[in-house]
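The values are calculated or read from the model by the stated rules, or taken from the named source; none is laboratory data. Remember, it's a predicted structure, so these values are computed and weren't measured experimentally. Methodologically, a virtual Cβ is constructed for each residue, glycine included, from the backbone with ideal geometry; neighbour enumeration extends over all protein chains shown.
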């Protein structure tokens, strides 16, 4: 169950037998022209990939798995076998980029997957993009190459958002707000000159833990950090307990989770993962730049969906609140 209204782009264009023959014969351009003649929109390079789905096998599936992993999704090993984990990763990717969530990697989904390499994935930092225009301001709703450059820089330094698609949506806004919190800037999610200056020069956030896998919740800065062996993998914007409901500091473990909506006495919790009594990490439609919850750690619904799909917070995962 999701709290977001459905906003789907047109479905992937199905391949006809004739189109498959054209592609196999090396006539990719002719296939694209034929598709345009039917009114379908086929992204550039789409004709170089076959449509793959549950049960498919081969090098194209292995390529898909590698690119999904590089983009922060978890399709399992790049073994060339399109199983349930790969399908789940495709669905997550489709949902993050407003495609129909059918788990089938056709032309439109391939166009997004091909672009994931430039977005980083928590591993090696990708090549830095060119400098954005000095003095420019980027905000929610903006589109274009400057937004994509910003997104690449954010993911390269571990600030999570759903993908470098050139669209300044909610998760990009949340990532910018996390940067602003770490560096003591105005917490508005707008990337103006001061924020852009920080984005150009920043490194990865330094965590407190030094070994093992730990989720760190920093109350002063209102961020959540996913850490592996002392290295920050992802930083998420969060909102913890407000006055009278302060989130207690301490060291805990996740002991309970609900894969769906929890209608609690104090509000709705999307896909909560409990670590201290009734206090949980959970999705919400409101994650402001200040403490606003009744003790829980709020994340965007997209962020908690990613945390579930990537297996970042299983039962038993350590949580440090400080």
* Consider residue 185 against the criteria (1) in contact with a helix residue (DSSP H, G or I) (Cβ under 9 Å, 6 or more places away or on another chain); (2) assigned to a loop (DSSP other than H, G, I, E, B); (3) assigned by TED's automatic domain parsing to the domain that holds residue 315: it satisfies all of them except one. Which criterion is unmet? -> (3)
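If we keep just the residues of the stretch 264-275 that are surrounded by 20 or more Cβ atoms within 10 Å (Cβ to Cβ) and touching a residue at least 40 places away in the same chain (Cβ under 8 Å), which is nearest to residue 162 (Cα to Cα)?
Kept after step one, since they are surrounded by 20 or more Cβ atoms within 10 Å (Cβ to Cβ), are these residues of the stretch 264-275: 269-275.
Retained after the next criterion (residues that are touching a residue at least 40 places away in the same chain (Cβ under 8 Å)): 270, 273, 275.
Numbers: 270: 18, 273: 20, 275: 25 Å.
Within the stretch 264-275, the match that is nearest to residue 162 (Cα to Cα) is 270.
Just wondering, is there one or more residues in the stretch 231-241 that are surrounded by fewer than 18 Cβ atoms within 10 Å (Cβ to Cβ), assigned to a loop (DSSP other than H, G, I, E, B) and modelled with pLDDT of 95 or more? Walk me through it before giving the result.
Taking the stretch 231-241 and keeping what is surrounded by fewer than 18 Cβ atoms within 10 Å (Cβ to Cβ), we get 231.
Adding the requirement that they be assigned to a loop (DSSP other than H, G, I, E, B) leaves none.
Checking the stretch 231-241: not a single residue is surrounded by fewer than 18 Cβ atoms within 10 Å (Cβ to Cβ), assigned to a loop (DSSP other than H, G, I, E, B) and modelled with pLDDT of 95 or more.
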* Any idea which of (1) surrounded by fewer than 22 Cβ atoms within 10 Å (Cβ to Cβ); (2) in a loop (DSSP other than H, G, I, E, B); (3) touching a helix residue (DSSP H, G or I) at 6+ places or on another chain (Cβ under 7 Å) is the one residue 288 doesn't satisfy? -> (3)
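If you go through the stretch 76-94 one residue at a time, how many are part of a helix (DSSP H, G or I), touching a helix residue (DSSP H, G or I) at 6+ places or on another chain (Cβ under 7 Å) and touching a residue at least 24 places away in the same chain (Cβ under 8 Å)? Walk me through how you get there before you give the answer.
Just the residues of the stretch 76-94 that are part of a helix (DSSP H, G or I), to begin with: 84-94.
Still in the list and also touching a helix residue (DSSP H, G or I) at 6+ places or on another chain (Cβ under 7 Å): 86, 88-90, 92-94.
Among the residues that remain, those that are also touching a residue at least 24 places away in the same chain (Cβ under 8 Å) are: 86, 88-90, 92-93.
Matching residues across the stretch 76-94 total 6.
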* To do: Only residues that are surrounded by 13 or more Cβ atoms within 10 Å (Cβ to Cβ) and at pLDDT below 50: list them for the stretch 103-151, please.
  => 117, 118, 119, 120, 121, 122, 125, 126, 129, 132
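Taking the stretch 157-182, which residues are on the phi > 0 side of the Ramachandran plot and either part of a strand (DSSP E or B) or out of contact with any strand residue (DSSP E or B) (no Cβ under 7 Å at 6 or more places or on another chain) (or both)?
The initial filter retains those residues of the stretch 157-182 that are on the phi > 0 side of the Ramachandran plot, namely 158, 163, 166.
Matches in the stretch 157-182: 163 only.
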* Structure fact -> Reported set for the stretch 189-221 where residues are part of a loop (DSSP other than H, G, I, E, B) and within 19 Å of the chain's Cα centre (by Cα) is 189, 190, 204, 205
